[in-house]
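Engineer: My questions will all concern the structure given below.
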Amino acid sequence: MTELLEPRAIGRDLVRRDGVAKVRGTATYAYETPVERPAYAHPVQATIARGRVTAMDTAAAEALAGVLAVLTVSNAERLASTEDAELAVLQSDEVGFRGQLIGVVVAETSELARQAADLVRVSYDERPHDSVLSVDRDDLYAPEQVNAGYETDTAEGDVAAAVAAAEVTLEQTYSTAMYHNNPLEPHAATALWDPSGDGFLTLWDSTQGVHPDRSAVCEVLGLAEEQVRVVCPYVGGGFGSKGTPHANVVLTAMAARALPGRPVKLALTRQQMFTLAGYRTPTIQRVQLAADRTGRLSAIAIDVVEQTSRIKEFAEQTGVPARMMYASPNRRSTHRLAALDVPVPSWMRAPGECPGMFGPEVAMDELAGTLGVDPIELRVRNEPEVDPETGKPWSSRHLVECLREGAERFGWADRPGPRHRDGDWLVGTGVASSVYPTMRQATSTATIRYEDGRYVAEIGAADLGTGTWTTLPQIAADALDVPVEDVEVRIGDTRYPVASVAGGSSGLNTWGSAVVVAAREFRGKFGPRPEDGDETSGAVDQAAQDEDHASYAFGAQFVAVRVHADTGELRVPRLLGVFAAGRIVNPRTARSQFVGGMTMGLSMALHENSVWDPRVGQVANHDLAEYHVTVNADVGDVQAHWLDEHDPYVNAMGTKGIGEIGIVGTAAAVVNAVHRATGVRVRHLPVTLDKLLTGLP
Ligand code: MOS
């Protein structure tokens, strides 16, 4: 058990400290960092999906006045490590996917760089490519583990026997689409090599973690950490796509090394982001449930097929949430991958949990329908006493309370019956559960110093729009027992102590823990009246990490839909979520996280869909004109609520992490509402007109 901080600043609705700078446009992002005489880089990309580059004619590009350098797979520097094939930029003439980087042009202006990149003539030895995901492939394989280190397959009891013996069973296949992160700020960096001595690289990179970013870049470029500084005070969104560096960062650093002393800027175009910034793998999920007449589950199974790139494995942990969500004596989960000639998948908000709570939460709704049991009641009846996966007690689990409070606030009891009609519109409501593990990273250090009558906390943490600039001072203030106005926090620079990535909703859990250790140390050492220059540092205490409990945040998602009976037009007037995610540090920034996640879940349900064209091996709708991300006009009333949850096991703040849980379960709730309204059960996302029209009454 941890002694929880007495919340004084924690829990207050404080405005974003970075808000004014962002609104006024004075907050600098990576690409717009003011530097002397910048040069601009533009990538050259492969136009085949598989094969080999046999020649690159750069003469026309180099002849353009203002072109400073042209790097290709033949003349680029050799990198120190090529272990990560995604980051081994320009190291080989092999092409693993269409759009792979094969060169870069650096010029005096970005327009010139782009024009010159178009003038590079490339010859290929093209080979047939294979990029179609299907459960029927004979080359599906089981990875050694799936992401976050989870086991690939798990089994307990005998699912087949339980299914054979059960009074009621369900077996269905569900699928989620390919999705691309589209943060407002594209992936971008400015890089500057100091021309003197051994060289020193400054990288202004849009990243979810300056320290992990630096480590990765150092490894690839063969540099010591002291030779690189990464700076990133502001990020225009990441959602995971900036959680690990992609090839663009390495390319920018290489381009700058070709021009020592001149800063080089490179921002991916929106279209390039559909190739070079990762994506969420499409998933195909076979779900089996077995239950008795009252709805008590005797078996839960999920068998997942998804894709990775042939050049680098990325194994989304889609089957993981079904392992712990509900009580059942017989359980199975498996993951199989197809390694295709496609870009490398990567992180997208709630990897694993987000796709993995789609199939099972729709299946629960289908089972509720078969049994004639209310879908909330069905979930309540299968509430596990302890974590079914590990047998550990929950540090806290308030899923049932979220469902009940959500039902109350949403008006679930009065919900319209199946295919209820309101004029020309069919209306319906749906529900689904939500979950996200509570994570804390092993490494992070904070320094606290008394400076000019203020407390300054320094830590190389990130704020990608999540609120760190605002919430970390709240934690420091309570740990120091001083007013929050007396605390300044400095983040987003490797000059500050090492900090973990803003990923896995672990940011504040981790950095806050380090800040609390440093602050308690500071108070112990200097008492209530410190002097200028007094300083302590503290690291996250991994030894004190609770290992005896299963820690998760839970939530309940409620959705109301309206479907036009003639046209199938689908509107979502209401989303309502209730979450139990530990203590909420700042209701303003937290609400923004929850509402943002839920909106992204709506987007996943109805709009987002990277349409893969297997003939050429690329996303056909690779821009924001064709890839629709839910916008304000698509969103109705979105409400996020939370329970006052007290969890003394997670960390000193009592926080569980809130960046990702908002997206989990939303799409299932939408599908469940659409079924209630129309009678059409959509099992393959997104829910589009063509899937509704033939089934409308
Ligand atoms: Mo999040 S997808 O773990 O950055």
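Engineer: Specify the residue that is nearest to P351 (Cα to Cα); the eligible residues are those in segment 147-167 that are of a type outside the set (G, A, S) and in a helix (DSSP H, G or I). Break it down stepwise before answering.
Structural biologist: Here is the first cut: in segment 147-167, the residues of a type outside the set (G, A, S) are 147, 150-154, 156, 158-159, 163, 167.
Checking the rest, the ones that are also in a helix (DSSP H, G or I) come to 147, 159, 163.
Numbers: N147: 9, V159: 26, V163: 29 Å.
Result: N147.
Engineer: Let me ask something else about it. Which residues, counting only those in segment 386-407, are open to solvent by 10 Å² or more (accessible area, probe 1.4 Å), among the hydrophobic types (A, V, I, L, M, F, W, C) and under 25 Å from the mean Cα position of the chain (by Cα)?
Structural biologist: Scanning segment 386-407 gives a single hit, W394.
Engineer: For segment 1-83, give me every one of the strands (runs of 3 or more DSSP E) that falls completely inside it and has 2 or more residues that are in contact with a Lys or Arg (Cβ under 6 Å, 6 or more places away or on another chain).
Structural biologist: In segment 1-83, 39-45, 51-57 are the strands (runs of 3 or more DSSP E) which contain 2 or more residues that are in contact with a Lys or Arg (Cβ under 6 Å, 6 or more places away or on another chain).
Engineer: Within the group T443, T447, which residue is touching a strand residue (DSSP E or B) at 6+ places or on another chain (Cβ under 9 Å) and at pLDDT below 95?
Structural biologist: Step by step, each of T443, T447 is checked, and only T443 is touching a strand residue (DSSP E or B) at 6+ places or on another chain (Cβ under 9 Å) and at pLDDT below 95.
Engineer: Within segment 503-519, is there a residue that is surrounded by fewer than 18 Cβ atoms within 10 Å (Cβ to Cβ) and out of contact with any helix residue (DSSP H, G or I) (no Cβ under 6 Å at 6 or more places or on another chain)? Give the steps one after another, and end with the answer.
Structural biologist: At the first step, the residues of segment 503-519 found to be surrounded by fewer than 18 Cβ atoms within 10 Å (Cβ to Cβ) are none.
The answer is no, given that none of the residues of segment 503-519 is surrounded by fewer than 18 Cβ atoms within 10 Å (Cβ to Cβ) and out of contact with any helix residue (DSSP H, G or I) (no Cβ under 6 Å at 6 or more places or on another chain).
Engineer: Further, regarding this structure: Against the definition (free of Cβ contacts under 8 Å to residues at least 12 places away in the same chain and under 21 Å from W193 (Cβ atoms)), how does E36 come out, yes or no?
Structural biologist: Values: free of Cβ contacts under 8 Å to residues at least 12 places away in the same chain: no; under 21 Å from W193 (Cβ atoms): yes.
It is false that E36 is free of Cβ contacts under 8 Å to residues at least 12 places away in the same chain and under 21 Å from W193 (Cβ atoms).
Engineer: Considering (1) in a helix (DSSP H, G or I); (2) touching a Phe, Trp or Tyr at 6+ places or on another chain (Cβ under 7 Å); (3) away from the ligand (no atom under 16 Å from the Cβ); (4) within 25 Å of M273 (Cα to Cα), say which one A668 fails and leave the rest.
Structural biologist: Exception for A668: condition (4).
Engineer: Hey, can you tell me all the residues within segment 495-525 that are in a loop (DSSP other than H, G, I, E, B) and away from the ligand (no atom under 16 Å from the Cβ)? Please lay out each step first, then the result.
Structural biologist: Looking only at segment 495-525, we keep the residues that are in a loop (DSSP other than H, G, I, E, B), and these are 495-506.
Correct list: R495, Y496, P497, V498.
Engineer: If you take the residues of segment 538-552 that are farther than 14 Å from G654 by Cα and part of a strand (DSSP E or B), which of them is farthest from the chain's Cα centre (by Cα)?
Structural biologist: Checked segment 538-552; the qualifying residue farthest from the chain's Cα centre (by Cα) is G538.
Engineer: Take the residues in segment 635-688 that are polar (S, T, N, Q) and surrounded by fewer than 23 Cβ atoms within 10 Å (Cβ to Cβ); name whichever of them is farthest from R404 (Cα to Cα).
Structural biologist: Filtering segment 635-688 down to residues polar (S, T, N, Q) leaves 639, 651, 655, 666, 672, 678, 688.
Adding the requirement that they be surrounded by fewer than 23 Cβ atoms within 10 Å (Cβ to Cβ) leaves 639, 688.
Details: Q639: 16, T688: 31 Å.
Here the residue is T688.
Engineer: Now for a separate question. Please verify whether V561 is at pLDDT 95 or above, among the aliphatic types (A, V, I, L, M), within 23 Å of G359 (Cα to Cα) and surrounded by 23 or more Cβ atoms within 10 Å (Cβ to Cβ), treating the condition exactly as stated. Spell out the reasoning first.
Structural biologist: Values: at pLDDT 95 or above: yes; among the aliphatic types (A, V, I, L, M): yes; within 23 Å of G359 (Cα to Cα): yes; surrounded by 23 or more Cβ atoms within 10 Å (Cβ to Cβ): yes.
The answer is yes for V561.
Engineer: If you don't mind, another one. Identify all residues within segment 208-222 that are more than 25 Å from L184 (Cα to Cα), in contact (Cβ under 8 Å) with a residue 24 or more places away in the chain and open to solvent by less than 40 Å² (accessible area, probe 1.4 Å); write none if there are none.
Structural biologist: Of the residues in segment 208-222, the ones more than 25 Å from L184 (Cα to Cα) are 215, 218-222.
If we keep only those that are in contact (Cβ under 8 Å) with a residue 24 or more places away in the chain as well, we get 219-222.
Result: V220, L221.
Engineer: Right, something else. Considering only segment 223-237, state which residues are away from the ligand (no atom under 16 Å from the Cβ) and surrounded by fewer than 23 Cβ atoms within 10 Å (Cβ to Cβ). Break it down into steps so the answer makes sense when it comes.
Structural biologist: Applying the first criterion (away from the ligand (no atom under 16 Å from the Cβ)) to segment 223-237 yields 223-231, 233-234.
The answer is L223, A224, E225, E226, Q227, V228, R229, V231, P233, Y234.
Engineer: State the number of residues belonging to segment 596-643 that are small (G, A, S), in contact (Cβ under 8 Å) with a residue 60 or more places away in the chain and more than 30 Å from G582 (Cβ to Cβ). Steps first, please.
Structural biologist: Kept after step one, since they are small (G, A, S), are these residues of segment 596-643: 596-597, 601, 603, 605, 610, 617, 620, 625, 633, 636, 640.
Next, from what is left, pick out any that are in contact (Cβ under 8 Å) with a residue 60 or more places away in the chain: 596-597, 601, 605, 610, 617, 636, 640.
Going one step further and asking which of them are more than 30 Å from G582 (Cβ to Cβ), we end up with 610, 617.
Matching residues across segment 596-643 total 2.
Engineer: Checking G240 against (1) at positive phi; (2) open to solvent by 20 Å² or more (accessible area, probe 1.4 Å), which test does it fail?
Structural biologist: (2) is the only condition that G240 fails.
Engineer: Given the structure, is L170 without any contact (Cβ under 8 Å) to a residue 60 or more places away in the chain and part of a strand (DSSP E or B)?
Structural biologist: Details: without any contact (Cβ under 8 Å) to a residue 60 or more places away in the chain: no; part of a strand (DSSP E or B): yes.
When the stated conditions are applied, L170 does not pass them.
Engineer: Regarding segment 400-410, can at least one residue be identified that is in a loop (DSSP other than H, G, I, E, B) and not charged (D, E, K, R)?
Structural biologist: Quick first cut of segment 400-410, residues in a loop (DSSP other than H, G, I, E, B) only: none.
No - not one qualifying residue is present in segment 400-410.
Engineer: Which one of E383, E361 is closer than 30 Å to R286 by Cβ, among the acidic types (D, E) and buried (at least 23 other Cβ atoms within 10 Å of the Cβ)? Write out each step before concluding.
Structural biologist: Details: E383 fails: buried (at least 23 other Cβ atoms within 10 Å of the Cβ).
The conditions single out E361.
Engineer: On to the next question. Check off (1) open to solvent by 10 Å² or more (accessible area, probe 1.4 Å); (2) within 30 Å of V217 (Cα to Cα); (3) in contact with a Leu (Cβ under 8 Å, 6 or more places away or on another chain) for Q288 and give me the number that stays unchecked.
Structural biologist: All conditions are met except number (2).
Engineer: Would you pick out the residues in segment 210-224 that are of a type in the set (V, I, T) and over 10 Å from T494 (Cα atoms)?
Structural biologist: First, the residues of segment 210-224 that are of a type in the set (V, I, T): 210, 217, 220.
V217, V220, listed by residue number.
Engineer: Consider segment 345-373. How many of its residues are within 16 Å of the ligand (Cβ to nearest atom) and assigned to a helix (DSSP H, G or I)?
Structural biologist: 4
Engineer: On to the next question. Among the candidates R336, R332, R349, which residue alone is in contact with a helix residue (DSSP H, G or I) (Cβ under 8 Å, 6 or more places away or on another chain) and either among the small types (G, A, S) or farther than 26 Å from A247 by Cβ (or both)?
Structural biologist: Values: R336 fails: in contact with a helix residue (DSSP H, G or I) (Cβ under 8 Å, 6 or more places away or on another chain); R349 fails: either among the small types (G, A, S) or farther than 26 Å from A247 by Cβ (or both).
Within the list R336, R332, R349, the selection yields R332.
Engineer: Quick one: which of V431, V435 is touching a Pro at 6+ places or on another chain (Cβ under 9 Å), assigned to a strand (DSSP E or B), within 16 Å of the ligand (Cβ to nearest atom) and open to solvent by less than 10 Å² (accessible area, probe 1.4 Å)?
Structural biologist: Values: V431 fails: within 16 Å of the ligand (Cβ to nearest atom).
None of the other options fit; the residue is V435.
Engineer: Please go through segment 97-133 and pick out each residue that is farther than 15 Å from K265 by Cα, under 32 Å from the mean Cα position of the chain (by Cα) and open to solvent by 40 Å² or more (accessible area, probe 1.4 Å).
Structural biologist: Residues satisfying the conditions are R98, H129, D130, V132.
The values are calculated or read from the model by the stated rules, or taken from the named source; none is laboratory data. Note that the structure is a prediction, hence the values are computed from the model and not measured. Note: ideal-geometry Cβ built from the backbone for every residue, glycine included; neighbour counts use all protein chains shown. Ligands, DNA and RNA are excluded from the accessible area calculation, which covers all protein heavy atoms including side chains. Shrake-Rupley method; radii C 1.70, N 1.55, O 1.52, S 1.80 Å.
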